[in-house]
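Notes follow the structure.
Every number here is computed from the coordinates shown, using simple stated rules; none is lab data. Not measured: the values here are computed from a predicted model. FYI the Cβ positions are ideal-geometry reconstructions off the backbone, even for glycines, and counts take in every protein chain you see.
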Amino acid sequence: MIRKVRHPSRQRMITAVETGVVGFRSHLKECVSCRVLFELLSKFRIDGAEELQQSSPRLLKLIESIPIDSLKECHTPVVKGYLVSDSWDRVAFAQVRGVATDLTRRLLLKAGPIKLELAAERHLDKWEFAARVYDRGRASVKFMIKIGGHKVTVGPSGFFYWSSKRPPAKVRLLGESHTIEFEGLSW
């Protein structure tokens with residue numbers, strides 16, 4: 001007599017993925033199709049629907065008709081920022097800029113309600129940087145800093161830290177909805 005195989009329903013699989021309680025592990029070891037589906041559901045969570053829906057042929061044709069150029073990465077709008085304050089512009093600092101007593105430069109850059117405080121410290125073979133972003137007066141971790149091809153993420157304390165051989169001429173703040181550029185920094 002041939003034993004009929006009982007496959008778990010998709011809803012049961014979804015519930016097992018959500019709760020972590022899998023009462024059909026032995027079945028998953030034997031049944032390749034259920035194991036593949038369970039792994040798929042584990043990686044890509046499905047909210048609400050019991051069955052995976054197939055796209056209509058009409059929708060697939062519409063997607064195919066989209067020009068390849070429009071599928072390229074969308075760029076966020078770019079906002080230009082400006083320099084508000086530079087510690088090297090002060091007369092006292094300009095007089096001793098070449099002296100070893102003050103090798104730190106502090107910049108305050110602004111674009112609308114966003115401010116970037118940047119401290120740069122010069123060493124013999126490199127520059128060390130620390131920065132913090134403020135949105136409407138409060139420290140913000142919603143941005144990433146980009147210098148050249150290098151992206152710097154915010155640290156756990158809310159500060160950005162990096163080093164380089166040369167100081168940047170341009171600093172970008174990458175946000176979810178826009179990019180802020182601070183250009184023309186001279187060192």
Order of R132, R6, R172 from fewest to most other C-beta atoms within 10 Å? R6, R132, R172
Could you work out the equivalent-ellipsoid semi-axes for the range 78-182, taking the square root of 5 times each eigenvalue of the Cα gyration tensor, largest first, in whole Å? 24, 16, 12
Largest first and in whole Å, give the semi-axes of the range 133-187's equivalent ellipsoid, each being the square root of 5 times a Cα gyration tensor eigenvalue. 19, 14, 11
Label model pair H123, Q11: point-to-point distance (7 angstrom along the Cα→beta-carbon line) in nm is 6.2
Given pairs K80/K115; K4/K43; K43/K142 and cut-off 24 Å on Cα-Cα distance, the over-length ones are K4/K43; K43/K142
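Within the set of other residues whose C-beta is less than 15 Å from the C-beta of A169, count the net charge using Lys and Arg as +1 and Asp and Glu as -1.
+4
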Separation of the range 17-32 and the range 123-168 by C-alpha centroid, Å? 46
